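Structure record follows, encoded as structure tokens.
The values are calculated or read from the model by the stated rules, or taken from the named source; none is laboratory data. Quick caveat: nothing in here was measured; it's all calculated off a predicted structure. Cβ placement follows ideal geometry from the backbone for every residue including glycine, while neighbour counts extend to all protein chains displayed. What goes into the accessible areas is simple: the full protein's heavy atoms, side chains included, and nothing from ligands, DNA or RNA. Shrake-Rupley method; radii C 1.70, N 1.55, O 1.52, S 1.80 Å.
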Amino acid sequence: MQAPTGLLKPSSKVAVLTGAGVSAESGIPTFRSNGGYWNQHRFEDLATPEGFFSDPKFVWIWYEERRRAIAAARPNAGHEALAEMEKRVAAFTLITQNVDGLHDLAGSKNVIKLHGDIWTLRCLKCGRERVDRSELNDLPPFCACGGMLRPGVVWFGEMLPEGAMERATAAVRAADVLIVAGTSAQVYPAAGLITMARTVIEINPEATAFSDDATYSLRGTSAEILPQLLLD
Ligand code: NAD
């Protein structure tokens, strides 16, 4: 299917839902693909509160490896097209499941991070959060108050950041179009947003469970297709 033309106008209200696939062309492995994180590790050990509390050092070593890999990655043409789109339309909300911060680096402003941010550290004792991109040498890291720090990401079984889903739902309901890029849409409640949209443009090299219901299901990568949507 060809990228639709004329859908994005200066008056358009646009919402976008992104997943790990949008960062694949920046060299960051996706969640379930071959070579993806969960083919190599058990998510119960690395991405649950139980896994963390049973071995915080092990989990932190893995997160610090991811942080260093992500620190070396740059936004790709897909991230950049979304930052440009935000400047061209009347309303724009970017809802991401990614924790890598590449949308911020590309210049996107109105970003809802449903699954948190790998650069945020949160104290388990005083609750304070800080953004820290530096290399963490002593693992697990500790807060000035003496409490242990954890990665500011949402693990399986945890609540999403307060208000994030409400803001995302409002943006999708108000939007003329929802662009869904680089997500297998298997993680809820994020995937549920797709069913709330009026017009859905899906961008993915592979079919997903939502492809048949999408208004336009475009087969290709986000770095190829997102820039095409700006060419109207
Ligand atoms: P997923 O791995 O389940 O699905 C990725 C999807 O992207 C697949 O459907 C795949 O076909 C598609 N894809 C692969 N390459 C693509 C490309 N170049 N362009 C467009 N699409 C492409 O990922 P998900 O749906 O985001 O799963 C959600 C979970 O993964 C979230 O909890 C998220 O926090 C976590 N995660 C985040 C990152 C990151 O921050 N970069 C990386 C891995 C996992």
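Which numbered condition in (1) more than 10 Å from the ligand (Cβ to nearest atom); (2) open to solvent by 70 Å² or more (accessible area, probe 1.4 Å); (3) among the aliphatic types (A, V, I, L, M) is the only one that ALA214 fails?
Among (1) more than 10 Å from the ligand (Cβ to nearest atom); (2) open to solvent by 70 Å² or more (accessible area, probe 1.4 Å); (3) among the aliphatic types (A, V, I, L, M), the lone unmet condition for ALA214 is (2).
Taking the stated definitions as given, is ASN76 in contact with a strand residue (DSSP E or B) (Cβ under 7 Å, 6 or more places away or on another chain) and crowded, with 20+ Cβ neighbours inside 10 Å? Reasoning before the result, please.
On the way: in contact with a strand residue (DSSP E or B) (Cβ under 7 Å, 6 or more places away or on another chain): no; crowded, with 20+ Cβ neighbours inside 10 Å: yes.
Considered against the rule, which asks whether it is in contact with a strand residue (DSSP E or B) (Cβ under 7 Å, 6 or more places away or on another chain) and crowded, with 20+ Cβ neighbours inside 10 Å, ASN76 comes out as no.
From the list SER184, SER222, exactly one residue is near the ligand (Cβ under 8 Å from one of its atoms) and open to solvent by 30 Å² or more (accessible area, probe 1.4 Å). Which is it? Walk me through how you get there before you give the answer.
Working: SER222 fails: open to solvent by 30 Å² or more (accessible area, probe 1.4 Å).
The conditions single out SER184.
Considering only segment 89-97, I want to know if a residue exists there that is within 11 Å of the ligand (Cβ to nearest atom) and open to solvent by less than 60 Å² (accessible area, probe 1.4 Å). Please lay out each step first, then the result.
Within segment 89-97, the first condition is being within 11 Å of the ligand (Cβ to nearest atom), and the residues that meet it are 96-97.
Cutting the leftovers down to open to solvent by less than 60 Å² (accessible area, probe 1.4 Å) gives us 96-97.
Yes, because at least one residue in segment 89-97 is within 11 Å of the ligand (Cβ to nearest atom) and open to solvent by less than 60 Å² (accessible area, probe 1.4 Å).
Tally the residues that are within 16 Å of the ligand (Cβ to nearest atom) and either closer than 22 Å to GLU166 by Cα or of a type outside the set (Gly, Ala, Ser) (or both), restricting the search to segment 100-110.
Taking segment 100-110 and keeping what is within 16 Å of the ligand (Cβ to nearest atom), we get 100-106, 108.
From what is left, the residues that are either closer than 22 Å to GLU166 by Cα or of a type outside the set (Gly, Ala, Ser) (or both) are 100-105, 108.
Result for segment 100-110: 7.
Cβ-Cβ distance below 8 Å, separation of 6 or more or different chains: which pairs start in segment 184-206 with a residue that is closer than 12 Å to GLY19 by Cα and end on one that is charged (D, E, K, R) and more than 8 Å from the ligand (Cβ to nearest atom)?
ASN204/ARG219
Any residue in segment 20-32 that's without any contact (Cβ under 8 Å) to a residue 24 or more places away in the chain: show its pairings with residues that are crowded, with 20+ Cβ neighbours inside 10 Å at Cβ separation under 8 Å, as long as the two are six or more apart or on different chains.
PRO29/ALA20
Residues of segment 116-160 being within 20 Å of the chain's Cα centre (by Cα) and open to solvent by 50 Å² or more (accessible area, probe 1.4 Å), which ones? Walk me through how you get there before you give the answer.
Of segment 116-160, the ones within 20 Å of the chain's Cα centre (by Cα) are 116-122, 129-133, 150-160.
Once the filter is applied, which keeps residues that are within 20 Å of the chain's Cα centre (by Cα) and open to solvent by 50 Å² or more (accessible area, probe 1.4 Å), segment 116-160 yields ARG122, GLU129, ARG130, VAL131, ARG133, PHE156, GLY157, GLU158, MET159.
Taking the residues in segment 111-132 that are outside any strand (DSSP E or B) and of a type in the set (A, V, I, L, M, F, W, C) as candidates, determine which candidate is nearest to the ligand (Cβ to nearest atom). Before you say what the answer is, go through the steps one by one.
Initially, segment 111-132 is screened for residues outside any strand (DSSP E or B), giving 114-115, 124-128, 132.
Still in the running and of a type in the set (A, V, I, L, M, F, W, C): 114, 124, 126.
Numbers: LEU114: 8, LEU124: 21, CYS126: 26 Å.
Filtering first and then ranking leaves LEU114.
So, of the residues in segment 161-181 that are of a type in the set (Gly, Ala, Ser) and free of Cβ contacts under 8 Å to residues at least 40 places away in the same chain, which turns out to be surrounded by the fewest Cβ atoms within 10 Å (Cβ to Cβ)?
We begin by selecting, within segment 161-181, every residue of a type in the set (Gly, Ala, Ser); these are 163-164, 168, 170-171, 174-175, 181.
Okay, now just the ones that are also free of Cβ contacts under 8 Å to residues at least 40 places away in the same chain, so 163, 170.
Working: GLY163: 9, ALA170: 13.
Looking at residues that are of a type in the set (Gly, Ala, Ser) and free of Cβ contacts under 8 Å to residues at least 40 places away in the same chain, I get GLY163.
Taking the stated definitions as given, is ILE179 among the β-branched types (Val, Ile, Thr) and more than 21 Å from PHE43 (Cα to Cα)? It would help to see each step written out before you state the result.
On the way: among the β-branched types (Val, Ile, Thr): yes; more than 21 Å from PHE43 (Cα to Cα): yes.
Judged against the criteria, ILE179 is a match.
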